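The values are calculated or read from the model by the stated rules, or taken from the named source; none is laboratory data. Small disclaimer: the values here were computed from a predicted structure and weren't measured. As a convention, Cβ positions derive from the backbone with ideal geometry for all residues, glycine included, and neighbour counts pool all protein chains shown.
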Amino acid sequence: MTTAKYRRIVLKLSGEALSGDLDYGINPKTIKSIAEQVKEVVELGVEVAIVVGGGNIWRGKVGSEMGMDRASADYMGMLATVMNSLALQDGLENAGIETRVQTSIEMRQVAEPYIRRRAIRHLEKKRVVIFAAGTGNPYFSTDTTAALRAAEIEAEVILMAKNNVDGVYTADPKLNKDATKYESLSYMEMLNEGLGVMDATASSLSMDNDIPLIVFSITEEGNIKKVVEGETIGTTIRGK
């Protein structure tokens, strides 16, 4: 039986990762695929927390550019992450994985409020915990949420699953055929070179708390398990 390299992880999923090959919304086939991949990891004994974005439904930044009040637009984005989280919870439970959704904005009828100690207890009981509604504050991204929650629950790594790229490149590989992929780099290198993997707030949080970040593709089934087992795929970002 294979063993996991990490005991507790935060899996960061973009909203777009849930839409699969659709232009908008939630793709049931993609939800099922992600749920099966997470199940493989849970069966290794790994404690899994998930942070999911909402860009497949709504982006606060886009609303702001349309003339909306930025805070209102961001709150709409937080609600989009709750919709995604509930869909993911349903997929995980259909796969036989006990799951809890915790929201930073209280909505007791659909999910638990975020309570750090309760989240850790769920993880210790091998339940998957999905953190929804971002940090509960406008102007902060779900990348920052992932870094913050990883620090709070003492996760050993953040796994950033992408559906359109298999790591961090020197330039956009879709636009520049000469772009090369990094196997590893530091947070400072990522910030100095403006690679745009995470926003500066999320990067600083991860760096200050010494939490490594692994960027990889989720479109190839089994990749989450490969990363958790320590296989070198994607790009690893760590240290200063």
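Considering only region 38-69, state which residues are assigned to a helix (DSSP H, G or I), over 17 Å from T144 (Cα atoms) and touching a residue at least 40 places away in the same chain (Cβ under 8 Å). Spell out the reasoning first.
Just the residues of region 38-69 that are assigned to a helix (DSSP H, G or I), to begin with: 38-42, 60-65.
Add one more test, that the residue is over 17 Å from T144 (Cα atoms), and what stays is 38-42, 62-65.
Within region 38-69, V38, K39, E40, V41, V42 meet the criteria.
For region 10-20, check the following and say yes or no: at least one residue is over 23 Å from A155 (Cβ atoms) and either touching a helix residue (DSSP H, G or I) at 6+ places or on another chain (Cβ under 8 Å) or without any contact (Cβ under 8 Å) to a residue 12 or more places away in the chain (or both).
Yes, there is a match, as at least one residue in region 10-20 is over 23 Å from A155 (Cβ atoms) and either touching a helix residue (DSSP H, G or I) at 6+ places or on another chain (Cβ under 8 Å) or without any contact (Cβ under 8 Å) to a residue 12 or more places away in the chain (or both).
Filter region 181-219 down to the residues that are of a type in the set (D, E) and either farther than 23 Å from A171 by Cβ or free of Cβ contacts under 8 Å to residues at least 40 places away in the same chain (or both) and list them by number.
Residues of region 181-219 that are of a type in the set (D, E), as a first pass: 183, 189, 193, 199, 208, 210.
E189, E193, D208, D210, listed by residue number.
Give me the residue from region 189-237 that is in a helix (DSSP H, G or I) and in contact with a Lys or Arg (Cβ under 7 Å, 6 or more places away or on another chain) and, out of that set, surrounded by the fewest Cβ atoms within 10 Å (Cβ to Cβ).
Filtering region 189-237 down to residues in a helix (DSSP H, G or I) leaves 189-192, 200-208, 223-228.
Then drop every residue that is not in contact with a Lys or Arg (Cβ under 7 Å, 6 or more places away or on another chain), which leaves 207, 228.
Values: M207: 21, V228: 24.
Within region 189-237, the match that is surrounded by the fewest Cβ atoms within 10 Å (Cβ to Cβ) is M207.
Is it the case that F131 is of a type in the set (F, W, Y) and closer than 19 Å to A87 by Cβ? Full working, then the answer.
Details: of a type in the set (F, W, Y): yes; closer than 19 Å to A87 by Cβ: yes.
When the stated conditions are applied, F131 passes them.
If the requirement is being more than 16 Å from the chain's Cα centre (by Cα) and touching a residue at least 24 places away in the same chain (Cβ under 8 Å), which of these qualifies: A95, A80, A35? I'd like the intermediate steps shown before the answer.
Working: A80 fails: more than 16 Å from the chain's Cα centre (by Cα); A35 fails: more than 16 Å from the chain's Cα centre (by Cα).
Being more than 16 Å from the chain's Cα centre (by Cα) and touching a residue at least 24 places away in the same chain (Cβ under 8 Å) holds for just one of A95, A80, A35, which is A95.
Return the residues of region 119-129 that are surrounded by fewer than 17 Cβ atoms within 10 Å (Cβ to Cβ) and part of a loop (DSSP other than H, G, I, E, B); say none if nothing qualifies.
K125, K126
Counting only residues that are touching a strand residue (DSSP E or B) at 6+ places or on another chain (Cβ under 7 Å) and surrounded by 22 or more Cβ atoms within 10 Å (Cβ to Cβ), how many does region 54-100 have?
Summing the residues that are touching a strand residue (DSSP E or B) at 6+ places or on another chain (Cβ under 7 Å) and surrounded by 22 or more Cβ atoms within 10 Å (Cβ to Cβ) in region 54-100 gives 8.
It is to be established whether one or more residues within region 162-171 are at pLDDT below 90, within 17 Å of T232 (Cα to Cα) and not in a loop (DSSP other than H, G, I, E, B).
Yes; the residues of region 162-171 include at least one that is at pLDDT below 90, within 17 Å of T232 (Cα to Cα) and not in a loop (DSSP other than H, G, I, E, B).
Out of region 101-118, which residues are surrounded by fewer than 20 Cβ atoms within 10 Å (Cβ to Cβ), touching a residue at least 24 places away in the same chain (Cβ under 8 Å) and not in a loop (DSSP other than H, G, I, E, B)?
R116
Going by the conditions given, is D172 in contact (Cβ under 8 Å) with a residue 40 or more places away in the chain and surrounded by fewer than 19 Cβ atoms within 10 Å (Cβ to Cβ)?
Values: in contact (Cβ under 8 Å) with a residue 40 or more places away in the chain: no; surrounded by fewer than 19 Cβ atoms within 10 Å (Cβ to Cβ): yes.
No; evaluated as a whole, the condition is false for this residue.
Name every residue in region 130-161 that is crowded, with 24+ Cβ neighbours inside 10 Å and either part of a loop (DSSP other than H, G, I, E, B) or touching a Phe, Trp or Tyr at 6+ places or on another chain (Cβ under 6 Å) (or both), in order of residue number.
Once the filter is applied, which keeps residues that are crowded, with 24+ Cβ neighbours inside 10 Å and either part of a loop (DSSP other than H, G, I, E, B) or touching a Phe, Trp or Tyr at 6+ places or on another chain (Cβ under 6 Å) (or both), region 130-161 yields A133, G134, R149, A155.
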